[in-house]
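Presented below is the structure to which this report refers.
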Amino acid sequence: MPVRYVETSRLPTAWGVFDIHGFEDPDSNKEHIVLTMGDVSDGEPVLARIHSECLTGDALFSLRCDCGNQLEAAMKAVSEAGRGAIFYLRQEGRGIGLLNKIKAYKLQDAGADTVEANEQLGFGADMRDYSILGPMLRHLKITRVRLMTNNPRKVAAMEENGVSVVERVPLHCASNPHNEKYLKTKGAKLGHLFTGRAQ
């Protein structure tokens, strides 16, 4: 059964008032949201981001990743543009779940990188499923995007869901001693693009 739309409401934030759209995926029993600002259904390219849930980074301010900083940067960019969409997908830990991510953290503490940790737990390097975007994009009538991402796989995901990516907008945040290895692994093993950065 495909992802289905549930409801829309207003969401006041530090970066302005967004509309929050709720969706549910009966197959995985997960709930996803999209934050939008302005008219995203007029056919013009929409400034957009696909953001996978990261409780530790988004809500607990972890320095092990750059997720929370990227989410804030994306919300700020949409606010400044006055128009855009942020797809917040409940695919914690690149799809392995929160408790398995904590297990992966333990392996990283012992020297593994993020990819090695996932694989040692019996998972793939990245288990996220971007096909769930299709019903959300169609509901919001988004057909063209300027995608805020460093991940070529997300560009491909949009195009596979019938959306034209007219521009990839890099989204870089400052590194710190706790996430330097994480960022280097994203570049070296997952193909993330860090133009102008050492990683």
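Below are the figures for this structure:
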item	result
Net charge dipole size for region 21-161 [Lys, Arg +1 and Asp, Glu -1 on Cβ; Debye, nearest 20]	120
Protection proxy ranking of 156-166, 46-56 - average other beta-carbon atoms within 10 Å, highest first	46-56, 156-166
Residue-span extension gain [residue 116 to residue 103] - 0.36 nm each, minus C-alpha spacing	3.5 nm
Dipole axis of region 1-115 (+1 Lys, Arg; -1 Asp, Glu on Cβ), positive-most option in 91, 81, 40	91
Ordering of 34-44, 19-29 by packing [mean C-beta count within 10 Å, highest first]	34-44, 19-29
Restraint check, 30/154; 76/154; 30/76, Cα-Cα greater than 24 Å	30/76
Ranked packing of 9-17, 142-150, most packed first, by mean Cβ within 10 Å	142-150, 9-17
Alpha-carbon centroid distance for the pair region 81-150 / region 1-60, whole angstrom	14
Two-site FRET efficiency, residue 167 against residue 73, from Cβ-Cβ distance with R₀ of 22 Å, rounded to 0.05	0.85
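Values in this text are rule-based calculations from the coordinates and carry no lab data. From a predicted model like this one, the values you see are computed outputs, not experimental measurements. In this analysis, Cβ positions are derived from the backbone assuming ideal geometry, glycine residues included, and neighbour counts consider all displayed protein chains.
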